[in-house]
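Novice: Mind having a look at this structure? Questions to follow.
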Amino acid sequence: MKKQHRDIAKRILRNIPFFGAAVKAMHRAQRRPFKLPPGSICFETSSFCNLKCSYCPQSVEGAIKEKGMMNRETMGRILENIDAKHIRSVGFTGIGETFLNKEWAVILGMVRKKFPAAIISMNTNGILLDYAKFESILENKVDTVSVSLNAVNKERYIQINRADHFDDLVAGIKAIIQRYQSSPAKFTRLQIQLLDTVNSDEEISDFIRKFSITENRYVTFYANPYSNWGGLIFEKKTKEERYPCTHLYIPDVNYRGEVYACGVGHANSDSEFLIGDLTKEPHEKVYQSANFMRLHEANMKGRLEMENKLCADCNSWNRIGNIYFKNPFPFGSKWL
Ligand code: SF4
């Protein structure tokens, strides 16, 4: 089924009474919002990047206070402090480009060994991705690799990503897909990310058609809106009533092992969002810290944006649908 048909079907289904509630209940159960420590974790292997895209904190002068690469010793200490039974999904994200780290494959192997059943996803701008790297990704059974192509043509790419790599990147992605499609070893889903905020639905459909690669289980296109990174990139204040932000339970572990409660807190190096250090303390303890408990309570009381300036300026809270229910009783937290 084509993406736009899937989106229309989802919109119709969501509006059928009870179906929306059933989907919410299923998501809520899967995300286990009350289970702490959370089942998701993101690791930053590099806070350096080879691009300065317009939508990324890397493009904002002075936004990223310190930069570095994670090494295998640091990752070893971090992994010792995490009980594998808690982790269901791992992201290789952060605010830099993973493939700039020469030890990325070793670190990925360590993570896969520690969490054999976890869903692993990686994000890359794709500039350094080649088939040899893709084979390491396959060997480590990475579930999804998302390549931020972002734009549907060269001019838009230069405008968004502020560099002239579009033609090489498209040729590189196609070469990987062609080899991958004829390879017997299939596991990883290669996802080509386009930004729906700056490319229209028609432009995206037209690009996918001209790309002349048929979508299947292992190769997909993904249209993503972009975050304002807590006001770092563009201002976004809204009067809309908010529901709790699920990003608060998807921590970003920086290259030193410090844990930020969410990626936006990390990108802003906001000390209010710094909840622990996994090279020094167990994962469970990080989620008993005063900073985390304060943020969690504010989230459940519906006061996150009132108590944290970063949240007030941030548009990321609605990038994940609401999985909470409003408390019908006049006591307890606002959200359950
Ligand atoms: S609203 Fe933004 S800054 Fe606040 S917890 Fe969510 S993602 Fe983080």
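The values are calculated or read from the model by the stated rules, or taken from the named source; none is laboratory data. Keep in mind that what you see is a predicted model, and the values were worked out from it rather than measured. With ideal geometry, Cβ positions are generated from the backbone for all residues, glycine too; neighbour counts draw on all protein chains shown.
Novice: Looking only at the range 124-157, which residues are more than 30 Å from residue 114 (Cα to Cα) and surrounded by 15 or more Cβ atoms within 10 Å (Cβ to Cβ)?
Specialist: Residues satisfying the conditions are 149, 150, 151, 152, 153, 156, 157.
Novice: Confirm whether residue 269 is in a helix (DSSP H, G or I), more than 15 Å from residue 148 (Cα to Cα) and of a type in the set (Gly, Ala, Ser).
Specialist: No.
Novice: Identify, please: which residue in the range 257-284 is more than 13 Å from the ligand (Cβ to nearest atom) and crowded, with 16+ Cβ neighbours inside 10 Å and is, among those, farthest from the chain's Cα centre (by Cα)?
Specialist: 279
Novice: Return the total of residues in the range 24-73 being crowded, with 16+ Cβ neighbours inside 10 Å, of a type in the set (Val, Ile, Thr) and either under 17 Å from residue 321 (Cβ atoms) or at pLDDT below 95 (or both).
Specialist: Residues in the range 24-73 being crowded, with 16+ Cβ neighbours inside 10 Å, of a type in the set (Val, Ile, Thr) and either under 17 Å from residue 321 (Cβ atoms) or at pLDDT below 95 (or both): 1 in total.
Novice: Go through the range 65-109 and report how many residues are farther than 21 Å from residue 35 by Cα, without any contact (Cβ under 8 Å) to a residue 60 or more places away in the chain and hydroxyl-bearing (Ser, Thr, Tyr).
Specialist: Total meeting the criteria: 1.
Novice: Which one of these does residue 241 not meet: (1) over 30 Å from residue 81 (Cβ atoms); (2) more than 16 Å from the ligand (Cβ to nearest atom); (3) assigned to a loop (DSSP other than H, G, I, E, B)?
Specialist: (2) is the only condition that residue 241 fails.
Novice: Let me ask something additional. Filter the range 272-289 for residues that are part of a helix (DSSP H, G or I) and under 13 Å from residue 260 (Cα atoms) and give the result.
Specialist: Once the filter is applied, which keeps residues that are part of a helix (DSSP H, G or I) and under 13 Å from residue 260 (Cα atoms), the range 272-289 yields 272, 273, 283, 286.
Novice: Looking at the range 300-309, is at least one residue under 20 Å from residue 91 (Cβ atoms), in a helix (DSSP H, G or I) and without any contact (Cβ under 8 Å) to a residue 60 or more places away in the chain?
Specialist: Checked the range 300-309: no residue is under 20 Å from residue 91 (Cβ atoms), in a helix (DSSP H, G or I) and without any contact (Cβ under 8 Å) to a residue 60 or more places away in the chain.
Novice: Next up: Please work out which residue is surrounded by the most Cβ atoms within 10 Å (Cβ to Cβ), limiting yourself to the range 222-238 and to residues that are within 16 Å of the chain's Cα centre (by Cα) and either among the hydrophobic types (A, V, I, L, M, F, W, C) or more than 14 Å from the ligand (Cβ to nearest atom) (or both).
Specialist: The first filter runs over the range 222-238 and keeps only residues within 16 Å of the chain's Cα centre (by Cα), leaving 222-230.
Subsequent filtering for residues that are either among the hydrophobic types (A, V, I, L, M, F, W, C) or more than 14 Å from the ligand (Cβ to nearest atom) (or both) retains 222-224, 229.
Working: 222: 16, 223: 18, 224: 15, 229: 24.
Ranking the qualifying residues of the range 222-238, first place goes to 229.
Novice: Identify, please: which residue in the range 289-325 is acidic (Asp, Glu) and more than 9 Å from the ligand (Cβ to nearest atom) and is, among those, nearest to residue 251 (Cα to Cα)? Spell out how you get there, then give the answer.
Specialist: As a first pass, look at the range 289-325 and keep what is acidic (Asp, Glu): 297, 305, 307, 313.
Checking the rest, the ones that are also more than 9 Å from the ligand (Cβ to nearest atom) come to 297, 307.
On the way: 297: 16, 307: 19 Å.
In this case the residue turns out to be 297.
Novice: Residue check, residue 228 against (1) of a type outside the set (Phe, Trp, Tyr); (2) touching an Asp or Glu at 6+ places or on another chain (Cβ under 9 Å); (3) more than 15 Å from residue 320 (Cα to Cα); (4) modelled with pLDDT under 90, all met but one. Which one?
Specialist: So residue 228 meets the others, but not (3).
Novice: I would also like to ask the following. Any idea which residue in the range 208-219 is farthest from the ligand (Cβ to nearest atom), counting only those that are surrounded by fewer than 15 Cβ atoms within 10 Å (Cβ to Cβ) and either outside any helix (DSSP H, G or I) or aliphatic (A, V, I, L, M) (or both)?
Specialist: Per the criteria, the residue is 212.
Novice: Restricting the search to the range 93-112, which residues are in a helix (DSSP H, G or I), surrounded by fewer than 20 Cβ atoms within 10 Å (Cβ to Cβ) and either of a type in the set (S, T, N, Q) or touching a strand residue (DSSP E or B) at 6+ places or on another chain (Cβ under 8 Å) (or both)? Steps first, please.
Specialist: At the first step, the residues of the range 93-112 found to be in a helix (DSSP H, G or I) are 98-100, 104-112.
Restricting the remaining residues to those that are surrounded by fewer than 20 Cβ atoms within 10 Å (Cβ to Cβ) gives 100, 105-106, 109-110, 112.
Those that are in a helix (DSSP H, G or I), surrounded by fewer than 20 Cβ atoms within 10 Å (Cβ to Cβ) and either of a type in the set (S, T, N, Q) or touching a strand residue (DSSP E or B) at 6+ places or on another chain (Cβ under 8 Å) (or both): 100, 112.
Novice: Sticking with this structure for a sec: Answer yes or no: is there a residue in the range 74-92 that is acidic (Asp, Glu), at pLDDT below 90 and surrounded by fewer than 16 Cβ atoms within 10 Å (Cβ to Cβ).
Specialist: Taking every residue of the range 74-92 in turn, none turns out to be acidic (Asp, Glu), at pLDDT below 90 and surrounded by fewer than 16 Cβ atoms within 10 Å (Cβ to Cβ).
Novice: Within the range 113-120, is there a residue that is in contact (Cβ under 8 Å) with a residue 40 or more places away in the chain and not in a loop (DSSP other than H, G, I, E, B)?
Specialist: No - not one qualifying residue is present in the range 113-120.
Novice: Moving to a separate point now. Take the conditions small (Gly, Ala, Ser) and closer than 24 Å to residue 75 by Cα and apply them to residue 265. Does it pass?
Specialist: Values: small (Gly, Ala, Ser): yes; closer than 24 Å to residue 75 by Cα: yes.
For residue 265, the condition - small (Gly, Ala, Ser) and closer than 24 Å to residue 75 by Cα - is met.
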